[in-house]
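K.L.:
Sharing a structure with you now.
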Amino acid sequence: MTFSFPSGITPTKRVILIALVVGVIAGFGSLLFFEGLKWGTAFFMGYLLQYTYPQEGQSVAAISQWSGPPSLMLLVPILIFGSLLTGILVTRLAPEAEGHGTDAAIKAFHGEGRIRRRVPLVKAVTAILTISTGGSAGREGPSAQISAGFGSMVADMLGLSPRERRIALTTGIGAGIGTIFKAPFGGAVLAAEVLYTRDFESDAIVPAFLASVIGYAIFGFFEGYAPIFSLGAIVWNVYQIPLFLLLGVLCAAFGLIYIFLFYGSRDWFAAQFKRYNLPLYLKPVSGAVILGVLVVLLAFISPEAETLGLASLGSSYGFDQLMFYSMLPLAVVLLLPFAKIIATSLTLGSGGSGGVFAPGLTIGAGVGASLGLILHLFFPAYVPLETIPVFVVVGMIALFGAVANAPIAVLIMVVEMVGSITILIPAMAAVAVSTLLTGEKTIFRQQVPTKAQSGAHRGEYDQKTLARIPVRDAMIPKESVITFSPTHTPSDVLDTIGKTGHTGFPVIDEGRLVGIVTNRDVRSLSTSDGGCPTLRDAITPAPLVIHPDDSLESALAIMVGHDFNHLPVVEKESPDTLAGFLTRTDILRAYARASHLAACKKEENSLS
């Protein structure tokens, strides 16, 4: 059923109404999803496993009563049950519900701005199954994809324009995340910041504020308005800022490990199932079995090792709370970042359903708690016990803010989640360092650098201006283009990507253009078996090309239509001879120059 706005409603009022509708739907949708998680966890972990698990927000007295299950042997069949149902539902009904939902929502935004109507329900059910049965994942990704799906439904029902559809989708992301974490401010900012590595979706920020507040009000009415975590008394001083800068460095290192192992695991599982032609619905089961066996084996080593295994399951928010209270042994805290990275890579890398936000917070919390405890042991006067929770919070912010390329939003969100603004200064210092060190490495592969690379903003270019600019005026000339030959190896390309920041290159063989190679091509090749492969196995042969005299309008149409970021430029008379190379960034620069010259000329004419 499709409705339409009355003709007299202004664009501003339309956006307000969109935010109101999305906020209400996101509030109730997040509430139902959260209740499903609570009931599912209580049944699988509490009733079946007899596990008195720690929970976020509990007092010291309440959380100290937590205890592991009398026997962990039942954990493996519980994990298998949840992952098998997840695999069946995802493969049969909605493959886009696999993995962490935030990336899927980002992909939808940069594409057509549509999410199939079945996706929110499938994502909610599969995420509940994955997390409540012990899979290492968070609830923010599913919340983002579920609410973004609601935003897409609203856009369909109201017959929204492409720009309004983008706003509805982004508003849904912000409302979903801000609601379920009781962090409306941070959720709204995250929706605008998480779409790009170097840009900001300014059109969505105000409606996201409104939708997030509405969703938060609805959710809090039933679940309470207290922050997610209980922080207690904290102390820090300006002389400790160098220590927080050091924490930023450590978080950057662990963040890069997180990204590397997460995507390495995903590629490995995909390659094995393709190689042996195994049913895809069993892929999440394979990761769940490995995770369950590892946790059970840890339980046989020592009580501390069992605690480490339990801490790597689910969202781990209860163990984050224990770190705030300094109630975990140092050995557990030191190893927890590694254990959580492995557990999350096994769960989501194999195709489980859930988010990467909660695991990222736990990894950062473990890094911060480790540094704080060690400093307290050696310098108790300089780093008192009350400072350790500050290291935990700052670690959360510094790690995930960097890997998500959303330092501002994560900073605000975590401050809201712990209910203390006093940690802003050390957190700003740490997240600035970690973000600078990680660069544009990201846990969200569907992010694009700027609006110029986003298909969502394709219509914002003046097509007449682009049609007047020939490709030769924007392209990188042949003599300045970095090229490879088919005999080069993937490591050669990856080294060049690291040094230059470019992500695509022409492949030349005996002076002829034979293909193009991108970062995705070589990364997928480097994870497969077969010794030392060459680019001959990775290139995209006979790539789409453009000619020097063609317009940038034609070039951009090809890029957007095929989701390319690069186009080789060849002469019409010699289609296999490289004349140059064109990227979306080159188009943006040429467009900006032409627009600036046109504005200056218009101003001169008005003065004369």
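The values are calculated or read from the model by the stated rules, or taken from the named source; none is laboratory data. The structure displayed is predicted, hence computed values, not measured ones. Counting neighbours? That spans all protein chains shown, and the Cβs are built from the backbone with ideal geometry, glycine included.
K.L.:
Residue pairs, Cβ under 6 Å, 6 or more apart or interchain, first in the stretch 276-295 and within 12 Å of THR91 (Cβ to Cβ) and touching a residue at least 60 places away in the same chain (Cβ under 8 Å), second assigned to a helix (DSSP H, G or I) and among the acidic types (Asp, Glu). List them.
P.N.:
Close Cβ pairs satisfying both conditions: none exist.
K.L.:
Of VAL90, VAL76, VAL60, which residue is surrounded by fewer than 21 Cβ atoms within 10 Å (Cβ to Cβ), in contact with a helix residue (DSSP H, G or I) (Cβ under 7 Å, 6 or more places away or on another chain) and either within 19 Å of ILE290 (Cα to Cα) or assigned by TED's automatic domain parsing to the domain that holds PRO359 (or both)?
P.N.:
Only one candidate qualifies: VAL76.
K.L.:
Let me ask something else about it. State yes or no: is THR438 among the polar types (S, T, N, Q), surrounded by fewer than 17 Cβ atoms within 10 Å (Cβ to Cβ), more than 14 Å from ALA183 (Cβ to Cβ) and in contact (Cβ under 8 Å) with a residue 60 or more places away in the chain?
P.N.:
no
Residues are listed down the side, and each one gets a yes or a no for (1) within 24 Å of GLY186 (Cβ to Cβ); (2) free of Cβ contacts under 8 Å to residues at least 40 places away in the same chain; (3) of a type in the set (S, T, N, Q):
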| position | (1), (2), (3) |
| --- | --- |
| TYR225 | yes, no, no |
| SER230 | yes, no, yes |
| ASN237 | no, yes, yes |
| PHE244 | yes, no, no |
| ALA252 | yes, no, no |
| GLY255 | yes, no, no |
| GLY264 | no, no, no |
| GLN272 | no, yes, yes |
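K.L.:
Only one of these is out of contact with any helix residue (DSSP H, G or I) (no Cβ under 7 Å at 6 or more places or on another chain) and of a type in the set (Phe, Trp, Tyr): PHE391, PHE379. Name it.
P.N.:
PHE379
K.L.:
So if I check each of ALA429, ALA456, ALA402, ALA452, which one is closer than 25 Å to ALA108 by Cβ and modelled with pLDDT of 90 or more?
P.N.:
After ruling out the rest, the residue left standing is ALA402.
K.L.:
If you take the residues of the stretch 531-543 that are part of a helix (DSSP H, G or I) and in contact with a helix residue (DSSP H, G or I) (Cβ under 8 Å, 6 or more places away or on another chain), which of them is nearest to ILE508 (Cα to Cα)?
P.N.:
Among residues in the stretch 531-543 that are part of a helix (DSSP H, G or I) and in contact with a helix residue (DSSP H, G or I) (Cβ under 8 Å, 6 or more places away or on another chain), the one nearest to ILE508 (Cα to Cα) is LEU535.
K.L.:
How many of the residues in the stretch 227-263 are buried (at least 21 other Cβ atoms within 10 Å of the Cβ), among the aromatic types (Phe, Trp, Tyr) and farther than 18 Å from VAL414 by Cβ?
P.N.:
1
K.L.:
Being surrounded by fewer than 20 Cβ atoms within 10 Å (Cβ to Cβ) and out of contact with any helix residue (DSSP H, G or I) (no Cβ under 6 Å at 6 or more places or on another chain) is the filter; apply it to the stretch 319-342 and report the residue that is farthest from VAL76 (Cα to Cα).
P.N.:
Per the criteria, the residue is MET327.
K.L.:
Any idea which of (1) within 17 Å of the chain's Cα centre (by Cα); (2) assigned to a helix (DSSP H, G or I); (3) within 29 Å of THR585 (Cβ to Cβ) is the one THR465 doesn't satisfy?
P.N.:
(1)
K.L.:
I've got another one for you. Tally up the residues in the stretch 544-585 that are assigned to a loop (DSSP other than H, G, I, E, B) and closer than 22 Å to LYS451 by Cα, please.
P.N.:
Result for the stretch 544-585: 3.
K.L.:
Tell me whether the stretch 43-55 contains one or more residues that are of a type in the set (Val, Ile, Thr) and in contact (Cβ under 8 Å) with a residue 24 or more places away in the chain.
P.N.:
no
K.L.:
Run down GLY224, GLY178 and say which single residue is surrounded by fewer than 24 Cβ atoms within 10 Å (Cβ to Cβ) and among the small types (Gly, Ala, Ser).
P.N.:
GLY224
K.L.:
Is it the case that the stretch 125-136 has a residue that's over 24 Å from ILE228 (Cβ atoms) and over 18 Å from the mean Cα position of the chain (by Cα)?
P.N.:
For the stretch 125-136, residues over 24 Å from ILE228 (Cβ atoms) and over 18 Å from the mean Cα position of the chain (by Cα): absent.
K.L.:
Does ALA369 qualify as being crowded, with 24+ Cβ neighbours inside 10 Å, within 23 Å of GLY264 (Cβ to Cβ) and small (Gly, Ala, Ser)?
P.N.:
No, not satisfied.
Each row is one residue, and each column tells you yes or no for (1) over 29 Å from the mean Cα position of the chain (by Cα); (2) at pLDDT 95 or above.
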{"site": "PRO6", "(1), (2)": "yes, no"}
{"site": "GLY29", "(1), (2)": "no, no"}
{"site": "PRO54", "(1), (2)": "no, yes"}
{"site": "ILE63", "(1), (2)": "yes, yes"}
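K.L.:
Would you be able to say whether some residue in the stretch 126-140 is among the charged types (D, E, K, R), modelled with pLDDT under 90 and surrounded by 24 or more Cβ atoms within 10 Å (Cβ to Cβ)?
P.N.:
Looking for residues that are among the charged types (D, E, K, R), modelled with pLDDT under 90 and surrounded by 24 or more Cβ atoms within 10 Å (Cβ to Cβ), one finds at least one in the stretch 126-140, hence yes.
K.L.:
Go over the candidates LEU399, LEU437 one by one and state the one that is touching a Cys at 6+ places or on another chain (Cβ under 8 Å), of a type outside the set (Val, Ile, Thr) and not in a loop (DSSP other than H, G, I, E, B).
P.N.:
Answer to the check: LEU399.
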